[in-house]
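Asks: Below is one structure. I have some questions about it.
Derivation of every value follows stated rules applied to the coordinates shown; laboratory data play no part. Note that the structure is predicted; figures quoted are calculated from it, not measured. Quick reminder, even Gly has a Cβ in these numbers, built from the backbone with ideal geometry, and neighbours come from all protein chains shown.
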Amino acid sequence: MNEFEILVQLVTAFFGSLGFALLFGLGTRHLFTSSLGGMLSWGLYLAVFSFSKDVFIACLVASVFAMIYSEFLAKRHKSPATLFIIPAIIPLVPGSSLYYAMSYAVRGDVENAKIHGHQTVIWVLAIAAGISFTTTIKELRQR
Amino acid sequence: MELSKEQQADLLDCLLETGQQLLESGAEISRVEDTISRIAKAYGARHADVFVITSIISISLEFSGTDFVSETRRIYSSAGTDFNKLEKLNSLSRVVCNNLISLKDFHASLSEIASMKKPFWLILIGSMLAAGSFAVFFGGSIYDGVASILFAIEICICQNYLDKTKVSTAASNLLISLIIGICVGLVCRAVPALHMDKILIGDIMLLIPGLAMTNAVRNILVGNTISGAVRLIESLIWAGALAGGFMTAIIIIDTIF
């Protein structure tokens, strides 16, 4: 992946998150910070992936970051964290591998369908693990 | 603070309304339960037993020894998302818990929040931006992004129409993905420079029940296993409907052309 592609991904991650923030009716004063969260978590994913070469670890780190970032903003604005989680985590959602798994399965290409299906499951598990990890830490700190 | 029988019924009504609106704007279950019992206790209930799942809110309040009130409300659509409303409700409940405003004012603020509606243009712009960006994000060209934006408009119009009918979320996902899949397929056959996969991925991102899934996982973790599991199964069914619609569209396009 060259610099230009990375730049394009970061910019589109920002605007994609902004799109979701608008779509879900997030208040104007949170728009920038929450979209920035999406861009930063994707940037972190790319950075971790570039040296660990492991999708699960990279996605886990990015989703833990997204959760911490949202909890931090939530605390600062005294608002529910849900508001910030979605824009921050949306670039990690495996829309692409889900689509390819589906489309190969329909066309009878079992090998490729398996590869992409496996990818989708890894992504989803990593996001879920990231959410679990942060939520548990938060619960521990409250008691 | 002692409430008369009438006021107790009023309070119960306000609590149900708060709960329903929280659910309908995309709050997680634990937040709904927590908010309701906090407000009830702030108004002098000794015990507040609240049970919420995605389709039901059930509240029992005990004021003193023999003084009970209880009511259940069935929720028909809990799939919406409105973060503006969610934030307003959250700060309202903060105000209510801290410096007890009168029940009448509480009611008035609630109906004010209830009457707020996300403007259609905002949903439209948000969807266009998200679909276009993600089509390029996942490796599409600029033209794929533009096509994805155009189909996002189509999704919005379909969704807007289906929301007014009684169609369930699963059925509407199935229908929308089928229509979009066929349209994108046809356009891509007519204009070979476009990539069908990238355009569809951009539009899929709009329909994936991401919020429902994240909330489900968070609910299960904080101990709301039943509601979390219900939500998780619901969102898996929605995602399944989505996949089914697109698959059918791909098969139709592949067989005809």
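Asks: Any idea how far apart A:Leu7 and B:Phe51 come out in nm if each label point goes 7 Å out from Cα toward Cβ?
Replies: 5.9
Asks: Here is a further query. For the range A:19-35 and the range B:1-48, write down the distance between their C-alpha centroids in whole Å.
Replies: For the range A:19-35 versus the range B:1-48, the Cα centre distance is 28 Å.
Asks: Helix A:110-142 sits at what angle to the longest principal axis of chain A, using alpha carbons and giving 0 to 90 degrees rounded to 10?
Replies: 20
Asks: Let me ask you something else. Between the range B:51-82 and the range B:137-171, what is the C-alpha centre distance in whole Å?
Replies: Rounded to whole Å, the Cα centres lie 34 Å apart.
Asks: Moving to a separate point now. Please compute, for peptide A:5-18, the average count of beta-carbon atoms on other protein chains lying within 10 Å of each residue's beta-carbon. All intermediate terms of the calculation are to be shown ahead of the outcome.
Replies: Working: counts 1, 0, 0, 4, 4, 1, 3, 11, 3, 2, 7, 12, 4, 5.
Counting other chains' Cβ atoms within 10 Å and averaging over A:5-18 gives 4.
Asks: Using the Cα centre of the range B:5-115 as origin and beta-carbon charges of +1 (Lys, Arg) and -1 (Asp, Glu), tell me which of B:Gly80, B:Asn99, B:Leu12 is placed farthest towards the positive end of the dipole.
Replies: Value: B:Asn99.
Asks: To the nearest 20 debye, what charge dipole does the protein assembly as shown have about its Cα centre, counting +1 at the Cβ of each Lys and Arg and -1 at the Cβ of each Asp and Glu? The partial results should precede the final answer.
Replies: On the way: 29 positive and 31 negative charges, 96 e Å.
In total the dipole reaches around 460 debye.
Asks: Just check the range B:5-115 against the gyration tensor rule for me: Cα atoms, a ≥ b ≥ c as the square roots of the eigenvalues, rounded for a/c under 1.5, and otherwise prolate or oblate depending on whether a/b exceeds b/c.
Replies: Details: a/c = 1.83, a/b = 1.31, b/c = 1.40.
It comes out oblate by the Cα gyration axes.
Asks: Continuing with the same structure: For the pair B:Val187 and B:Ile75, how long in nm is the line joining their label points, each one 7 Å along Cα→Cβ?
Replies: 3.5
Asks: In what sequence do B:Arg94, B:Arg31 fall when counting other Cβ within 10 Å, fewest first? Present the calculation step by step, with values, prior to reporting the outcome.
Replies: Details: B:Arg94 14, B:Arg31 23.
Taking fewest neighbouring Cβ atoms as first place, the list is B:Arg94, B:Arg31.
Asks: Starting from the eigenvalues of the Cα gyration tensor, five times each then square-rooted, give me the equivalent ellipsoid semi-axes of the range B:95-149, largest first, whole Å. Each step should come with its number before you reach the end.
Replies: Details: eigenvalues 385, 31, 4 Å².
Output for the range B:95-149: semi-axes of 44, 12, 4 Å.
Asks: Could I ask something else about it? If the only charges are +1 at each Lys and Arg Cβ and -1 at each Asp and Glu Cβ, what is the size of the charge dipole of the range B:118-257 around the Cα centre, to the nearest 20 debye? Walk me through the intermediate numbers first.
Replies: Working: 7 positive and 7 negative charges, 67 e Å.
Around 320 debye, computed over the range B:118-257.
Asks: Another question about this same structure. What FRET efficiency comes out for the pair A:Arg141/A:Leu46, r = Cβ-Cβ distance, R0 = 30 Å, nearest 0.05? Can you show the working numbers first?
Replies: Numbers: r = 30 Å, r/R0 = 0.99.
It comes to 0.50.
Asks: Averaged across the residues of B:84-90, what count of C-beta atoms belonging to other chains lies within 10 Å of each residue's C-beta? Could you put the intermediate results ahead of the total?
Replies: Working: counts 7, 1, 8, 11, 1, 1, 7.
Shielding by partners across B:84-90 averages 5.
Asks: Then there's this: Using every pair of alpha-carbon atoms in the range A:3-142, split the distances into 5 Å bins beginning at 0 and state the percent of pairs per bin, rounded to integers.
Replies: With a bin width of 5 Å, the distribution comes to 2, 11, 18, 20, 19, 15, 9, 4, 2, 1, 0.
Asks: Another one. What angle, in degrees between 0 and 90 and rounded to the nearest 10, separates the Cα long axis of helix A:95-106 from the longest principal axis of the Cα atoms of chain A?
Replies: Tilt of helix A:95-106: around 30 degrees.
Asks: In deg cm²/dmol, rounded to 500, what helix-only [θ] at 222 nm does chain A give when every DSSP H run of at least 4 residues adds -39500 (n - 2.57) and the total is split over its residues? Can you show the working numbers first?
Replies: Working: 6 runs with 119 residues, N = 143.
Counting only the DSSP helices, I get -28500 deg cm²/dmol.
Asks: If you don't mind, there's one more thing I want to ask. Of the peptides A:63-76, B:97-110, how do they stack up when ordered by the mean number of other Cβ atoms within 10 Å, highest first?
Replies: On the way: A:63-76: 20.1, B:97-110: 14.2.
The most tightly packed comes first, giving A:63-76, B:97-110.
Asks: In whole Hz, what ³J(HN,Hα) sequence does the range B:55-71 give by Karplus (6.51, -1.76, 1.60; θ = phi - 60°), x for Gly and Pro?
Replies: Listing the rounded values in order: 10, 9, 10, 10, 10, 10, 10, 10, 8, 9, x, 10, 9, 10, 9, 7, 7 Hz.
Asks: Quick one: which of B:Lys85/B:Lys164; A:Lys75/A:Lys138; A:Lys138/B:Lys117; B:Lys164/B:Lys198; A:Lys53/A:Lys138 span more than 22 angstrom between C-alpha atoms? Mind showing how you got there, number by number?
Replies: On the way: B:Lys85/B:Lys164 20 Å; A:Lys75/A:Lys138 12 Å; A:Lys138/B:Lys117 33 Å; B:Lys164/B:Lys198 30 Å; A:Lys53/A:Lys138 29 Å.
Flagged as over cut-off: A:Lys138/B:Lys117; B:Lys164/B:Lys198; A:Lys53/A:Lys138.
Asks: Moving to a separate point now. Can you give the alpha-carbon Rg of the protein assembly as shown over 2.2 N^0.38 Å, where N counts its residues? Could you put the intermediate results ahead of the total?
Replies: Working: Rg = 22.1 Å, N = 400, 2.2 N^0.38 = 21.4 Å.
In units of the 2.2 N^0.38 Å rule of thumb, it is 1.03.
Asks: For chain B, list the DSSP H helices whose alpha carbon atoms reach 27 Å or more along the long axis and whose average Kyte-Doolittle value is -0.5 or above?
Replies: Correct list, ordered by number: B:5-24, B:142-164, B:169-190, B:225-256.
Asks: How much mean residue ellipticity at 222 nm does chain B get from its helices, if each DSSP H run of length 4 or more adds -39500 (n - 2.57) and you divide by all residues, to the nearest 500 deg cm²/dmol? Mind dumping the intermediate values first?
Replies: Working: 10 runs with 183 residues, N = 257.
Helices in chain B give a 222 nm mean residue ellipticity of -24000 deg cm²/dmol.
Asks: Can you give me the Cα centroid spacing of the range B:98-128 and the range A:1-18 in angstrom?
Replies: 34
Asks: Still on this structure, I have one more. Please report B:Ile155, A:Ile115 as a ranked list, fewest other C-beta atoms within 10 angstrom at the top and most at the bottom.
Replies: Details: B:Ile155 20, A:Ile115 14.
Fewest-to-most ranking of B:Ile155, A:Ile115: A:Ile115, B:Ile155.
Asks: Can I ask one more? Would you work out the relative contact order for chain B, in percent, from Cα pairs under 8 angstrom that are 6 or more residues apart?
Replies: Details: 343 pairs, mean separation 47.0, N = 257.
About 18 percent, as a whole number.
Asks: Where Rh denotes the Kirkwood radius from the mean inverse Cα pair distance, what is Rg over Rh for the range B:120-256?
Replies: Values: Rg = 15.8 Å, Rh = 15.5 Å.
My calculation puts Rg/Rh at 1.02.
Asks: Right, next: Considering the Cα trace of chain B, what is its radius of gyration and what is Dmax, both in angstroms?
Replies: 22.0, 75
Asks: What is the order of A:Tyr45, A:Tyr100, B:Tyr161, fewest Cβ neighbours within 10 Å to most? Don't skip to the answer; put the middle values down first.
Replies: Working: A:Tyr45 25, A:Tyr100 22, B:Tyr161 12.
The fewest-first ordering by Cβ neighbours comes to B:Tyr161, A:Tyr100, A:Tyr45.
Asks: Suppose every K and R has +1 on its Cβ and every D and E has -1 on its Cβ; what is the size of the dipole of chain B about the Cα centre, in Debye to the nearest 20? Walk me through the numbers before you get to the answer.
Replies: Details: 19 positive and 24 negative charges, 57 e Å.
The dipole magnitude comes to about 280 debye.
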